[in-house]
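Derivation of every value follows stated rules applied to the coordinates shown; laboratory data play no part. Please read these numbers as outputs of a predicted model, since none were measured by experiment. Reconstructed Cβ throughout: ideal geometry from the backbone, glycine too, with neighbour counts over all protein chains shown.
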Ligand SMILES: N[C@@H](CCC(=O)N[C@@H](CS)C(=O)NCC(=O)O)C(=O)O
């Protein structure tokens, strides 16, 4: 077991839950620092003391538990997850057996935040346009935002979901990289399960089609993810602390 003191800076309703899940899955000891969003849905300013971008997740690591040394700060979910797997996973848990699937996991660790997540965040931001626009301009602002979403972000998001559906349909085990849970599934859980399929009715309305019918493999995978013991444990950990 590592002697490093690992602090996870976890923000409510955020991508940081995946890091908590991974730490639980690997039985890595950690401390939690919890943050709640303000009324503008932003992270509190204290997070900027840990990393200048003020985002979550962030890990603050004290090598060998020493409080006197400068901590190692690790940001960006994909990098954080690689860092944990490389440094705190001597038994190689969650690592797929084949080289091909190991490479696929790496791909998804980059892809999820690099290509997919930004599209979903942009759609969310655009959907708030009319309520944020000055009074009197709301209808027009809403129409412009809808036009941008329809003209670019929605087709791009759909093309990514088509791609993921196709990728998953080629995996007989029903996971993204092989026949068991891997870090690929954990990182994809936020955009696919939490953002879309956990409230598939709302997501279907935004997409304009029933996403459970459009993406049956992603739907079945989401149900499996919801029942994953590591995710359930991570949810429980938070429930006791919030
Ligand atoms: N690409 C970063 C994104 C981190 C990020 O933007 N996190 C959001 C939560 S989902 C955040 O901290 N938002 C705070 C804010 O917008 O004030 C990652 O993968 O970790």
*Using only the Cα atoms of the chain, build the gyration tensor, take square roots of its eigenvalues as a ≥ b ≥ c, and label the shape rounded, prolate or oblate: rounded if a/c is under 1.5, else prolate if a/b is larger than b/c, else oblate.*
oblate
_Cut-off is 10 Å between beta-carbons; in what order do 115, 204 appear when sorted fewest neighbours first?_
115, 204
*When a/c is below 1.5 the answer is rounded, else prolate if a/b is larger than b/c, else oblate, so apply that to region 124-242 with a ≥ b ≥ c taken from the square roots of the Cα gyration tensor eigenvalues.*
oblate
*Fewest first, what order do 224, 5 take by the number of other Cβ atoms within 10 Å?*
224, 5
*asked:* Given a Förster distance of 30 Å, report the FRET efficiency between residue 169 and residue 95 from their Cβ-Cβ distance, rounded to the nearest 0.05.
replied: 0.80
*Report the antiparallel proportion of the DSSP beta bridges in region 5-93 as a percent, rounded to a multiple of 5.*
65 percent
*Classify region 5-93: rounded, prolate or oblate, from the alpha-carbon gyration tensor (a ≥ b ≥ c, eigenvalue square roots; a/c under 1.5 rounded; otherwise prolate if a/b is larger than b/c)?*
oblate
*Using the count of nearby Cβ atoms within 10 Å as a rough guide to exposure, how do 185, 64, 179 rank from fewest to most?*
64, 179, 185
*For region 128-166 versus region 184-242, the gap between their alpha-carbon centres in whole angstrom*: 22 Å
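Looking at the chain only, what percent of DSSP beta bridges run antiparallel? Nearest 5 please.
65 percent
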*Go ahead and estimate [θ] at 222 nm for the chain from helices alone: -39,500 (n - 2.57) per DSSP H run with n ≥ 4, summed, over the residue count, rounded to 500.*
-14500 deg cm²/dmol
